[in-house]
Amino acid sequence: MTVRILKFGGSSFRNAEDYNFIASHIVRRLSSDADRIVVIVSAMSGITESLKQLALSVNERCGRAALDAVLTSGEVVSVGLLEAALEQHSVAVSSLFGYSLGVWVSSGFNRASIEAINRSPLRNALETSQVVIVAGAQGVDRSGRISMLGRNSSDLTAVIAADIVGSGSCEIYSDVCGIYTADPHLVKGARLVPEISHTCVSRMARHGAKVLHYGALEYASSRGIVITCKSLRPREVVGTHVAATGDVATVVVDRSATRLDFDDRFEWLAALRVLEELDITWVGSGQDVGGPIYLSHDADVGVGILTERQIKLLHIGKRILVSEITSDATRINEFYDLSSAVSCAQKLHADLYPEERQLASATYNK
């Protein structure tokens, strides 16, 4: 039995009609190259942030457990809408959510860690259903409460699903067809990368690239799972295969990094211990011990817990980071405004790929 794992992020669901569009694609796959399909879905575009603001409007100090209950409802709605769309095609469908998938997590709300995985629920669902729809980014703790695996972590759910069913690959769909040497919306001449390693993309993600969830990349690497990045619009395009090999030099622009400054090196060391305990990734400025650090992911959770642990932060601010990532080193540049950051990124990319140097020079000197 051939089982395909497909994941659709928020950019795939911008309006109600998109659910019918995705349903039609799933039906075509069932008639062409799949006996069963597991579909992982994210919340509709913009819904998660709207739900967060709604929760904070009720209580600006909304607890993490209550916030998870609110935020995970976005994926639950997406599951229901896609199931409704598939019903029109007479397809046997079942759905799994955080409380029924079998992904057991710690009680760390908003940023839970996986403790155990029960493979039975998904496998059993595939025995009776042609399509199993899974709410992404969710697990359940030992008390039975749903917890988030982190923001934008539906990729991780997809990789876990591939591992559960014994598939060697999963397909990630978004509004771009693959991974580029830089953000193609910001850097002229950014190249589509046909093949790249888990490790290389993980470095990009940890520095703020909106490519794939770094936890998904690490899980996939450990299980030997190939991630294929695709797009369905304007037509189906296979852009990038993420596997064991392929080192590519890249430039990453992180538009919303959180910079943390500390009063002394002891607070700095204490903060790093907490972030390591929480498995929250951070990058440094390259300075000596005690220098600023930057959070590109889970910043709200990290800062909140640092505050709870009474670790003194001298300053918290937003910055734009431009990271040049090669096999030899990673260099970070900090900016306050996007235009300067983009100019820097354009020049760095042209230095990495000399045939683009003339274009970059013209842009940088305007």
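The listed peptides 238-245, 115-122, 225-232, ordered by packing as a protection proxy, come out as 225-232, 238-245, 115-122 (highest mean of other Cβ atoms within 10 Å first). Working ranking of peptides 78-85, 342-349 by packing, defined as the average number of other Cβ atoms within 10 Å per residue, highest first, is 342-349, 78-85.
Label-to-label distance for residue 107 and residue 65 is 0.7 nm, based on points extended 7 Å past Cα in the beta-carbon direction.
Identify all lysines with a Cα-Cα distance to residue 210 below 29 Å; exclude those on the same chain that are fewer than 8 residues away in sequence. Result set, ordered by chain and number: 7, 52, 188, 230, 318, 347, 366. Label zone of residue 338 (point 7 Å out along Cα→Cβ, amide N under 17 Å): in region 184-211 this covers 184-188, 208-211. Counting 0.36 nm for each residue step from residue 263 to residue 285 and taking away their Cα separation leaves a gain of 6.3 nm. Global dimensions of the chain from alpha-carbon coordinates: Rg and Dmax equal 20.9, 64 Å. Coordinate range of the alpha-carbon atoms in region 58-140 per principal axis, descending: 45, 30, 11 Å.
Here region 142-191 is described by how far its Cα atoms reach on the three principal axes: 50, 25, 15 Å, from widest to narrowest. Take the convex hull of the alpha carbons in region 183-330; its mean projected area over all directions comes to 9.9 nm².
What percentage of the solvent-accessible surface of region 274-340, computed with a 1.4 Å probe over protein heavy atoms, is contributed by carbon and sulfur atoms? Whole-percent figure for carbon plus sulfur exposure: 46. Per-residue ellipticity at 222 nm computed for the chain from its helices equals -12000 deg cm²/dmol, with DSSP H segments shorter than 4 residues left out and the rest contributing -39,500 (n - 2.57). Net length available on complete extension from residue 35 to residue 326 is 100.7 nm, with 0.36 nm assigned per residue and the Cα-Cα distance removed. With kT/(6 pi eta Rh) evaluated at 4 °C and eta = 1.567 mPa s, and Rh the Kirkwood radius from Cα pairs, region 80-227 diffuses with a coefficient of 78 µm²/s according to Stokes-Einstein.
For the pair residue 316 and residue 351, a Förster radius of 30 Å applied to the C-beta separation gives a FRET efficiency near 0.40, rounded to the nearest 0.05. For a test of the definition: using alpha carbon positions, the gyration tensor, and the 1.5 limit on a/c, classify region 82-127 as rounded, prolate or oblate. Oblate shape, in that a/c is at least 1.5 and b/c is the bigger or equal ratio.
The values are calculated or read from the model by the stated rules, or taken from the named source; none is laboratory data. Computed from a predicted structure; not experimentally measured. Backbone-built Cβ (ideal geometry, glycine too); neighbour counts: all protein chains shown. Just so you know, the surface numbers come from the protein's heavy atoms only, side chains and all, with ligands and any DNA or RNA stripped out. Shrake-Rupley method; radii C 1.70, N 1.55, O 1.52, S 1.80 Å.
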